[in-house]
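Asks: Right, I'll just put the structure down here and ask away after.
The values are calculated or read from the model by the stated rules, or taken from the named source; none is laboratory data. Predicted model, so just to flag it, every value in this text is computed and none were measured. Note: ideal-geometry Cβ built from the backbone for every residue, glycine included; neighbour counts use all protein chains shown. Protein only, heavy atoms only, side chains kept; ligands, DNA and RNA dropped before computing areas. Shrake-Rupley method; radii C 1.70, N 1.55, O 1.52, S 1.80 Å.
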Amino acid sequence: MRIDINSKLILRELKIEDSKNFYELLNRNYYHFLEALNWMDKDDLKNQAEESLKLRISMKNELNNLPAWFAIVYENKLCGMIGYNEIDMDNELGEIGYFIDEQYSSKGIMTLALNTVLEYSFSQLKLNKIELYIYENNIASCRLAEKFNFKLEGKLREVLKTDNNYLNQNVYGLLNSEHIKQ
């Protein structure tokens with residue numbers, strides 16, 4: 001599956017051939033991604049990247065076998081990923097995660113990607129609600145959620161330990177009916 005957003009930006013299904021580029025993306029952005037992708041270990045990053053990619057490729061929507069994760073490709077270069085950490089079809093609920101190469105942030109790429117995945121979520125997958133879990137110090141992601149009218153539904157306190165600090169995570173939700181009003 002491939003979704004052309006514009007002449008420079010596409011979302012497409014992940015492929016095992018993305019393995020090298022995915023590893024390079026993680027390695028180049030290791031410290032930028034570390035809090036959100038806290039499973040990363042610099043010493044075993046190549047193997048972890050391959051396993052993470054395989055897992056994301058294998059994740060499909062259970063009803064119609066549509067992809068759950070997409071490569072974000074800008075000017076023919078893998079610059080990020082966006083997709084579902086979880087889809088609960090019984091309750092029509094999806095949890096979206098995303099990340100983008102630091103050098104591509106603040107260029108509107110993730111805004112376009114998220115908009116596309118929200119449309120896909122509500123029109124193709126027929127979900128009623130999308131959730132985002134964002135560490136509160138990730139200001140750019142919190143702003144992006146608010147830009148799309150996600151509502152802050154709560155805060156998970158001290159859910160991740162980093163060094164000697166604990167991080168809180170914001171829980172955002174967007175209902176299909178709220179998305180339609182935009």
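Asks: Under a point spin-label approximation (7 Å from Cα along Cα-to-Cβ), what is the HIS32-ASN6 distance to one decimal in nm?
Replies: With each label placed 7 Å out from Cα toward Cβ, I get 1.9 nm.
Asks: Here's something else I'd like to know. To the nearest 10 Å², what's TRP39's accessible area with a 1.4 Å probe?
Replies: 90 Å²
Asks: Sticking with the crude label model, points 7 Å out along Cα→Cβ, report the distance from ASP41 to LYS20 in nm, one decimal please.
Replies: Taking the two extended label points, one gets 2.6 nm.
Asks: Follow-up question, since we're still on this one. Enter the Cα centre distance for the pair segment 1-52 and segment 88-112, rounded to the nearest angstrom.
Replies: The distance from the Cα centre of segment 1-52 to that of segment 88-112 comes to 13 Å.
Asks: As a test of reading the structure, rank HIS32, HIS179 by solvent-accessible area (1.4 Å probe, protein chains only), most first.
Replies: HIS32, HIS179
Asks: Might you report the magnitude of the Cβ-based charge dipole of the chain about its Cα centre, with Lys and Arg at +1 and Asp and Glu at -1, to the nearest 20 debye?
Replies: 500 debye
Asks: Give the total of Lys-Lys pairs in segment 1-122 with Cα-Cα distances below 24 Å; include a pair only if its members are 8 or more places apart or on different chains.
Replies: Final tally of qualifying lysine pairs is 21.
Asks: What relative contact order, as a whole-number percentage, does segment 82-171 give when Cα pairs under 8 Å and 6 or more residues apart are counted? Numbers along the way, then the final one.
Replies: Values: 109 pairs, mean separation 21.7, N = 90.
Contact order relative to length: 24 percent.
Asks: Around LYS46, what is the net charge, scoring Lys/Arg as +1 and Asp/Glu as -1 over all other residues with Cβ under 15 Å from its Cβ?
Replies: With Lys, Arg at +1 and Asp, Glu at -1, the net is -3.
Asks: Ignoring the sites themselves, what is the longest stretch of the chain with no trypsin sites (Lys or Arg not before Pro) in a DSSP loop and at most 15 other beta-carbon atoms within 10 Å? Could you put the intermediate results ahead of the total?
Replies: Values: sites that count: LYS8, LYS15, LYS107, LYS126.
Between the exposed loop sites, the longest stretch runs 16-106.
Asks: A further question follows. How long is the gain from ASP163 to ARG143 if the chain were fully straight, where each residue apart is worth 0.36 nm and the alpha carbon distance is subtracted?
Replies: 4.6 nm is the gain from fully extending ASP163 to ARG143.
Asks: With n ≥ 4 as the cut-off for DSSP H runs, can you work out [θ] at 222 nm for the chain, using -39500 (n - 2.57) per run divided by the number of residues, rounded to the nearest 500?
Replies: Computed mean residue ellipticity for the chain: -8500 deg cm²/dmol.
Asks: Taking the Cβ of GLU86 as the centre, find all other residues whose Cβ is under 10 Å away and add up their charges (Lys, Arg: +1; Asp, Glu: -1). Could the numbers behind the result be given before it?
Replies: Values: positive: none; negative: ASP88, GLU95, GLU131.
Surrounding charge for GLU86 is -3.
Asks: Defining a contact as two alpha carbons under 8 Å apart and six or more residues distant in sequence, what relative contact order in percent does segment 1-57 show?
Replies: Working: 41 pairs, mean separation 21.2, N = 57.
That works out to 37 percent.
Asks: Moving to a separate point now. About its Cα centre, what dipole magnitude does segment 11-52 give when the only charges are +1 on Lys and Arg Cβ and -1 on Asp and Glu Cβ, stated in debye to the nearest 20? List each step's numbers first, then the result.
Replies: Details: 6 positive and 10 negative charges, 38 e Å.
Charge dipole of segment 11-52: 180 debye, to the nearest 20.
Asks: ³J(HN,Hα) across segment 164-174 via Karplus (A = 6.51, B = -1.76, C = 1.60, θ = phi - 60°), whole Hz, x for Gly/Pro?
Replies: Per-residue couplings from phi come out as 10, 10, 10, 9, 8, 10, 7, 10, 10, x, 9 Hz.
Asks: A follow-up question, please. Which residue, LEU78, MET40, ASN27, has the largest displacement toward the positive end of the dipole of segment 1-107 when charges sit on each Cβ (Lys, Arg +1; Asp, Glu -1)?
Replies: Sorting the options by dipole projection puts first LEU78.
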